[in-house]
Every structure is written in C-alpha cells, then in structure tokens.
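Note sheet for the following structure.
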Amino acid sequence: MQLGEALTRALAAHGATEIFGIPGDFALPLFKSFEDSGILPLYTLSHEPAVGFAADASARMRCRPGVAAVTYGAGALNMVNPIAGAYAEKSPVVVISGAPGARERGSGLSLHHQGRTLDSQLHVFAEITCDQAQLTDAATAPRAIARVLANCIRHSQPVYIEVPRDMVSAECGAVAREPEPPLDREALAACADEILARLAAAKSPALMVGVEVRRYALEARVAELARRLQLPVVTSFMGRGLLSDSGAPVLGTYLGAAGAPAVTRVVEESDGLLLLGVILSDTNFGVSEKKIDLRRAIHAFDGRVTLGYHVYPDAPLAALVDALLERLPQPTAAKPAAAPAPAPRRLAQDAQTLEPLDIAVAINDLMAAHGRMPIASDVGDCLFTALDIEHTALVAPGYYATMGFGIPAALGLQAATGQRPLVLVGDGAFQMTGMELGNCQRHGWDPIVIVFNNASWEMLRAFQPESRFNDLGHWNYAALARALGGDGVRVATRRSLAAALAQAVATRGRFQLIEAMLPAGVRSPTLTRFVESVRRLTTPEPATT
C-alpha cells in the first residue's frame, strides 16, 4: 500500500478516531491521502494553534492519541505552543507535518517556509515531543511509524512525524504494532508491597489522583483501588474532574491555602500521601499552606515510583495499580467516606449584577435539571470558577496555562466523543481562538459557550492592578455569534443568565454563546484566595534591624 494510507491505518490501529488539520502546499498530497482513504474523519479548522488544542482535547477525553496534521514551517511552527502544553501536561498528540520532497531538498535553493535550515522544524519539535521520525525511506517507514506511535502511547506525550510530499504515494509495507516491553514483575511486586506497608503504617494516609490516571484510562481501576484502600481521595488542581463518572467518593480538589480547608488538611497533614499520576508543579502545590514533605510521600508518575529516597524505575502506572489491586482484598465493611462540600446551587433569579460565582451556581442548577455536561475551560478566572461547579469531566490547561485552549478544545471534545460540551472562556482568550466557532456549522458541532466579559485580562490584573495594559476593548461577542453560524445573547443579571442557559440547552444544531457581563475587578472567591496565597508566599518578609 502507499505510505500515506499505511500511516493513516496505523493511526487508527493505535486508537486515533479523527484528524484535525489545516492543509498547505507541502501537505496537499498527505491531506488528499487522508480524504481519499476515508479511514479517519478529517476536520479542518482556521488556525494551527486551534488544531493542536483540538487534538489535545480529543486525546485527553478518549485516553488515546489525538492527531494534528499541518504543513511545513508556517503551519507546524504555529503549533509549537499547543504541543508544548500537551508535552507539559502529558497528552498523547501525534503531530504530522508535510515537508519538502527530496528533489526540493537537493535543489540548493532556500525553500519557502524554511527556517534556519530544512531540519530546524525537526529540532524544534524534538524539544517538545518524546519521539520523532522523518519518513524519507519507504523501506524503514513502517518500523519508524510503529516506534513513534508506541512511544506516544507508552509515555502519553506528543510525537512528531514528518512526511516529505513525494513520499506519500511511495509503496511500503503495513505498520505492525510494537509489542509491549516486558515488565520486571519481581520489582513491581516489591514496589506494591512497600507501598501498602507504608500506607498501613501511616496514621493519616490519603490518596491524590492526577492527570496520568486519566491519560492511561485508569479511572475505573483507581476508583476500585480507592474503595479497597478506604482512604480519603482528592484530586490535584490539574486533575479536577477525575473519577467524576466512577462513583468514587472524591472529597474535593486540592488547592492549598486557596482551597477548601477540609481538603487542605487531608493532604498537608498526611504522613502517607499516595500521589498517583500527579505532576509536581507550582499549580498543584505552589500555594500549599504548609510545605509537603515529599520524602514521606509515595509518588507514582512517569513510569517510576519514588518512596522517599527509594526509587523503582520501571513501574508503569497501570501495572502498579493492577499489582496493588491484586494484593488488596475486598473490604468486609465499607468505611464511611468524608463527604465533599456540596456544590452551590439555587441561583437567585433576580436583577443582581453577575459575579463569576453566579455562573458556577447557574451551571450547577442546569446540570441538576438536565444532566452533567463535559466542560472545556480556558485559563484565568473561568478555570477557578469551574472549581465551584459540580464534579464533572473537565479539560483545561491547568499547568501549562496557555490562553486560547477552551474553544478549540471543546470542538475536539465534541468531535471525539459526540458529547455536547460547555465552554468557559474569558474575553481575552476568546479574542485568540473564538473565531474557530465558525467551523461548528459545517462539522455539526453545537457547544454552549459562556464568555466571561470584564473587558480585561482579569487574572493578570489581580496580580498587577496598577497596569493599564491589562485593559481590553468592549467587544460585542454575542453579536459575532450569528455571523459565525450560531446564536448569541448578552446577559448582565442572574435572571437573564438563568434564562439564557435554559434557552441554550434547549437549542440544538447551532452553537450557543452567552456573553456574561462582569464588573471590572469582580473575581471568583477561589481566584481571590489564590492571589492572596501567592502574594503571601512570594512577598519577602521585611528586613529586621
């Protein structure tokens, strides 16, 4: 078969369910191959960053590789930021770039879209992917594709494949999936035994779940592990939404001094904290009320387990969870789990000016009436507001914290799962990727979008209120919706917000945009606490004389 078809079949065999992309001259043969084969649906968007964000969200929701296809140089380099975010947050995205052919490479001319050298793009992506391949030889291409895709899944990180345009139609063999590497069962058994012994000896053990639990499709097994261990269970900030469909009793999301005191106590007072798939980042632990002694914690992440100074280097998370379950009997009597704080509900439908917390309450009321919806959130106060929303599936760049993620992520989410998403996005991030909503009509997507409009980069203003550069113009986002093929409404009171949400959920087939007008300087309670905590922890104490 031809190389283009072999690559597409390999993507499908490794779990990909669609391709997001933007064509270009060096990628035209590749895109024609995608379209002609019909193996995977191809969704084209408007700007390459959105392609990367959509593929990232698809990967997060389905726990399988998402695919982003672009052209050389001007296309691929536009995706550096989304793929860096996917690398930081361990999302398995396959970047496929068209590239100049052999005749063009040997012409002696500098080529359009070329950076410093013809291989500059490869070197850039080598910094933000876990494996790379240039398919310049049809004989070795199947093995290279198999290796790269296996590493994408094994490490749950992006990979990069470059396809010269004269190689797409080259005849090659089928791609055989690589076998799983052997596990050191004795080391894994010793690791599981040591973890259980540590937990049994602890006076206040606790379990925190992080993003790898989702990336490796372990939520059901980790929920069962939590039930057998009978420990308090919390999520990391990045892991918000984990175990939402598992029935596991999640106490809440840890956010240190900015979070719920009951959750903070469970984590920071634990002498046996089991961290499953948790990234040790500032967003997860930077506002801890008191420093967590990681030497007393058990950290399972990135294929290794660290217990104090003791490290098991070959302990993949899925195999570790299975080993722990094998050693834990079914509990004879369920230990009562600590109840999470109830999500705020029953919005007062009056003429009161909107605040971010009102949006969370209105969404909770909506989901109580119509069922839970998956959420795609951008960064900023919209993400902190999401912490007051009922525990539901959530995709957000909680660590890498890039703006512009929310709307294209929602498109990727709906394409991958068929579920209608709810989007939380600030006006600053909407200005970056909001025009991607214009692609909803032709692809059959109908997200509900809530724009937090305070005419400001409000989270930045929270840290530096004196600066005028955080001001944004008063754009009428609701008025844009109809031109883009959707419906839009501007709301400024609790009553009008509740009515707009009810109308949005009842209307299918067109995206619904609700522009929530928020007074300048009004923030969610969680963001307020977060900013105060960061200032307290980072402001140097006055010198004493």
Problem - chymotrypsin sites (Phe, Trp or Tyr not before Pro), loop per DSSP, at most 16 other Cβ atoms within 10 Å - longest free stretch of the chain - result: 1-308
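Across all directions of projection, what mean area in square nanometres is found for the Cα convex hull of segment 134-196?
Numbers: hull surface 22.5 nm².
With the hull built on Cα positions only, its mean projection is 5.6 nm².
When a/c is below 1.5 the answer is rounded, else prolate if a/b is larger than b/c, else oblate, so apply that to segment 468-520 with a ≥ b ≥ c taken from the square roots of the Cα gyration tensor eigenvalues.
Values: a/c = 3.46, a/b = 1.45, b/c = 2.38.
Note, shape of segment 468-520 comes out oblate.
First obtain the Kirkwood hydrodynamic radius of segment 3-164 from its Cα pairs, then insert it into the Stokes-Einstein equation at 20 °C and 1.002 mPa s, and state the resulting D in µm² per second as a whole number. Could the numbers behind the result be given before it?
Numbers: Rh = 15.2 Å.
D, rounded to a whole number, is 141 µm²/s.
Over the chain, consider all pairs of different Cα atoms and compute the Kirkwood hydrodynamic radius from their mean reciprocal separation; express it in Å, one decimal. The partial results should precede the final answer.
Working: mean 1/r = 0.0408 Å⁻¹.
When all Cα pairs of the chain are included, the Kirkwood radius is 24.5 Å.
Sequence gap at least 6, Cα distance under 8 Å: using those rules, report the relative contact order of segment 356-531 to the nearest whole percent. Numbers along the way, then the final one.
Values: 336 pairs, mean separation 42.1, N = 176.
Here the relative contact order equals 24 percent.
Which of the GluC sites (Glu not before Pro) across segment 409-468 are loop residues per DSSP, with 16 or fewer other Cβ within 10 Å?
Values: sites: E436, E458, E466; in loops: E466.
Listed in order of number, the matching sites are E466.
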Handout entry: Volume of the Cα convex hull of segment 356-531, divided per residue and given in Å³
Key = 103 Å³
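Only the coordinates and a few stated rules stand behind these numbers; no lab work does. Computed from a predicted model, the values in this text were never measured in an experiment. A quick note on method: Cβ atoms are made from the backbone with ideal geometry, for glycine too, and the neighbour counts reach across all protein chains shown.
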